[in-house]
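> Before we start, here is the structure in question, set down as structure tokens.
The values are calculated or read from the model by the stated rules, or taken from the named source; none is laboratory data. Since we're looking at a predicted model, the values are computed, not measured. Here the Cβ positions follow ideal geometry from the backbone for every residue, glycine too, while neighbour counts run over all protein chains shown.
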Amino acid sequence: MSAVVPPSRRAILSLYSTSLRTANSFSSYNFRHYFLRRTKEKFRQLQNESDPARIQSQFNEAVKELAVLRRSAIVNQLYGGWKLAVERTPEQPEETMTRSDN
Amino acid sequence: MLPRASRAALRRTGISRAATLSHGRRGFVQPSGADRASVMDVPSTYQGEAHFTPRSDMLGFKLEAPRREGSAKEKIRPIYLDMQATTPVDPRVLDAMLPYMTDQYGNPHSRTHAYGWEAEQAVEDARKHVADLIGADPKDIVFTSGATETNNMAIKGVARFHKEKKRHIITTQTVRSCKFLSKHSYSTNSQEHKCVLDSCRKLGEEGFDITYLPVQKNGIISLDELEAALRPDTSLVSIMTVNNETGVIQPMKEIGTLLRKHRGVYFHTDAAQAVGKIPVDVNEMNVDLMSISGHKLYGPKGIGAAYVRRRPRVRLEPILSGGGQERGLRSGTLPTALAVGIGEAARIAKQEMQRDHARISELSRRLIDGINSRVEHVVRNGDVNGYPGCVNLSFSYVEGESLLMALKDIALSSGSACTSASLEPSYVLRALGAAEDMAHSSLRFGLGRFTTEAEVDFVIKHIIRTVDRLREMSPLWEMVQEGIDINSIDWSQH
């Protein structure tokens, strides 16, 4: 059986940056952060892999996941809603409620 | 030149001030004199700046102008930390479901055309994913509408099928599914689940005998007590794998081994909180029936699954009769999209379980350490070795409900969603032997796959601030600071 030719370093890097960009395009805070973290972890794992066959299979997996992620990000942008309380910027200070009768 | 309206307003204020001065105090229903009626020339629609009429029920309090909500974009949502109630649908799950909500709308039970075949194929794939997650055979999985239906199906089904010879059922004091069988639903220790009270009455009338096993201090049942409670006419033992309020994990493997020794006793577990979060294997645990819920493992709501063992065969009476789908146990057309959703959720859960668990453990440690380092008198309810994604904390001298109200930026619950509408203390915590005041002051933090470190830090910051503020207002806290033992006080004074 012929040796598996692993994907080039360039192909992996390009897939990595596209995946990161897609993950970053989620409008929901939790999903965005989760997929950014997962993408980073996944490619870090790929970087430490030395077996060409496994690199190839992980690469193919990542290509498939990117397609899913792309569609999910679009749906999320369409229906994504309000910001979360953690995302509050300094310009939007937290409103404090006080009693009006004092 | 002033616009006409404001001129009129000026005139009006001048006149009303003069009127107040001359008449002294005016009541609300006192008629005005005819002389003053003639000067009210301002149109009735006009309302001046800060125009305001006090009503008699305001009792002298001022009112704030109603706060206007900005557009949807400006609105801020609270952080979601209630993963035991439900979890968000994973975007990957939704992506798998969407084709079956649009073009592939076939009925999975249609045998005569391609629409049916592709839907059936999708459902069978989903069944396989669910089965793989719990180490079962795909043929053992029955899709239902959720864990509540599965619990009903399993408990009532088995009990009714064997009712000629066996009329005894065992469950624990902290299992919620037991409620719908109890004929003692009014007794002090019953754990009422409001939504199923009706079916509980119904089956209670059928005269089943129910044993509620007490739990130990750490929430785990004692095997000796379980063995002692078994009777020759026991048909079913139902125990929750992971408790939804405290995260306590029962020793399922040991219980399963014990029950296997007794022939004819079926073992049911409500594993809605466990599947996809901790490793679950039906053969290792010797479970005969298991309830799984889709929306607790990042899947859609409205779908669940039952594991019903085929070898040795568990026989039960179906609740729904009809077309004989799902081995005749649950007739009715399967919702293809939802089934695909729970299948994809199970597949992802299996793939991510280890990573998720490690991360949730880390976040949970961060949360507990963060709160403990700054707030004293915090008690963690339940077992330390329980599921880390469920952190149940009691803040002494603070009422849980007031804490919840004050934490409007965090979506939390003080117990299970079924009891959160009432102010009663949690029955689960009472069953663990927690004092009433501690059960009252408990909060449940549910961490999940999508929780971030920033959110946990935000929660820690807010909890510390709010607990400090509420304790400052509390006379009890003041007494504790002065070194008075609260329990020694005789409150009645008579």
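> Hey, any hits in the range B:228-246 for a residue that's modelled with pLDDT of 80 or more, part of a helix (DSSP H, G or I) and of a type outside the set (Val, Ile, Thr)?
yes
> Okay, moving on. Within the range B:352-386, restricting attention to residues that are buried (at least 16 other Cβ atoms within 10 Å of the Cβ) and outside any helix (DSSP H, G or I), which residue is farthest from the chain's Cα centre (by Cα)?
Within the range B:352-386, the match that is farthest from the chain's Cα centre (by Cα) is B:375.
> Tell me yes or no: at least one residue of the range A:58-72 is of a type in the set (S, T, N, Q), over 21 Å from residue B:89 (Cα atoms) and either away from chain B (no Cβ under 12 Å) or part of a helix (DSSP H, G or I) (or both).
yes
> To continue, here is another question. Which of the following residues is within 30 Å of residue B:107 (Cβ to Cβ), in a loop (DSSP other than H, G, I, E, B) and within 25 Å of the chain's Cα centre (by Cα): B:300, B:318?
Only one candidate qualifies: B:300.
> A further question follows. State the number of residues belonging to the range B:446-471 that are of a type in the set (Gly, Ala, Ser) and over 22 Å from the mean Cα position of the chain (by Cα).
Total satisfying the criteria: 1.
> Looking only at the range B:100-147, which residues are surrounded by fewer than 21 Cβ atoms within 10 Å (Cβ to Cβ), within 29 Å of residue B:280 (Cβ to Cβ) and of a type in the set (Ser, Thr, Tyr)?
If the condition is that a residue be surrounded by fewer than 21 Cβ atoms within 10 Å (Cβ to Cβ), within 29 Å of residue B:280 (Cβ to Cβ) and of a type in the set (Ser, Thr, Tyr), then B:145 is the only one that fits.
> Return the only residue of A:27, A:17 being within 14 Å of chain B (Cβ to nearest Cβ), polar (S, T, N, Q) and either in a loop (DSSP other than H, G, I, E, B) or surrounded by fewer than 16 Cβ atoms within 10 Å (Cβ to Cβ) (or both).
So the residue among A:27, A:17 that is within 14 Å of chain B (Cβ to nearest Cβ), polar (S, T, N, Q) and either in a loop (DSSP other than H, G, I, E, B) or surrounded by fewer than 16 Cβ atoms within 10 Å (Cβ to Cβ) (or both) is A:27.
> Could we say that residue B:90 is in contact (Cβ under 8 Å) with a residue 24 or more places away in the chain and within 14 Å of chain A (Cβ to nearest Cβ) here?
Against the criterion (in contact (Cβ under 8 Å) with a residue 24 or more places away in the chain and within 14 Å of chain A (Cβ to nearest Cβ)), residue B:90 qualifies.
The rows are residues; the columns are (1) in contact (Cβ under 8 Å) with a residue 24 or more places away in the chain; (2) closer than 30 Å to residue B:102 by Cβ.
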residue: B:281; (1), (2): yes, no
residue: B:309; (1), (2): yes, no
residue: B:331; (1), (2): no, yes
residue: B:346; (1), (2): yes, yes
residue: B:349; (1), (2): yes, yes
residue: B:354; (1), (2): no, no
residue: B:362; (1), (2): no, no
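> Could you please find all residues in the range B:387-418 being surrounded by fewer than 19 Cβ atoms within 10 Å (Cβ to Cβ), in a loop (DSSP other than H, G, I, E, B) and either in contact with a Gly (Cβ under 6 Å, 6 or more places away or on another chain) or within 14 Å of chain A (Cβ to nearest Cβ) (or both)?
The answer is B:408, B:409.
> Take the range B:192-213 and flag every residue that is out of contact with any Ser or Thr (no Cβ under 8 Å at 6 or more places or on another chain) and modelled with pLDDT of 80 or more.
Correct list: B:206, B:207, B:208, B:209.
> Follow-up. Being among the polar types (S, T, N, Q), farther than 15 Å from residue A:24 by Cα and surrounded by fewer than 17 Cβ atoms within 10 Å (Cβ to Cβ) is the filter here; which residues of the range A:47-87 pass it?
Matches in the range A:47-87: A:47, A:48, A:50, A:56, A:57, A:60.
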